[in-house]
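The values are calculated or read from the model by the stated rules, or taken from the named source; none is laboratory data. Please read these numbers as outputs of a predicted model, since none were measured by experiment. Backbone-built Cβ (ideal geometry, glycine too); neighbour counts: all protein chains shown. For accessibility, only protein heavy atoms count, side chains too; no ligands or nucleic acids. Shrake-Rupley method; radii C 1.70, N 1.55, O 1.52, S 1.80 Å.
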Amino acid sequence: MPAPRCCRRLALAPVASVHTARSDWGPLLKALPEPQRAEYLRALAANEDLWDPRNGSAGLVFRELGLPYDRGAYA
């Protein structure tokens, strides 16, 4: 039996990287309705690799959504 959709999208967060911001987790974040987006943002906050300010891809995804690129805002 496949995992529920909520679990599948959260499973992506630990393996997401700044290199895939525009191709996988960024578009998913954009597509989620607000309650699910908040849950996904908390899961992304747990992934330390996404919060390197030297890489602009992750920050750009947040900026396009009007969200702060601030890990503490979602933890």
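Here are the numbers for the structure shown:
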| quantity | calculated |
| --- | --- |
| Condition broken by Ala11, with the remaining ones in (1) part of a helix (DSSP H, G or I); (2) open to solvent by 50 Å² or more (accessible area, probe 1.4 Å); (3) at pLDDT 85 or above satisfied | (3) |
| Filtered residues of the stretch 43-71 (kept if open to solvent by 40 Å² or more (accessible area, probe 1.4 Å), among the small types (Gly, Ala, Ser), free of Cβ contacts under 8 Å to residues at least 24 places away in the same chain and in a helix (DSSP H, G or I)) | Gly56 |
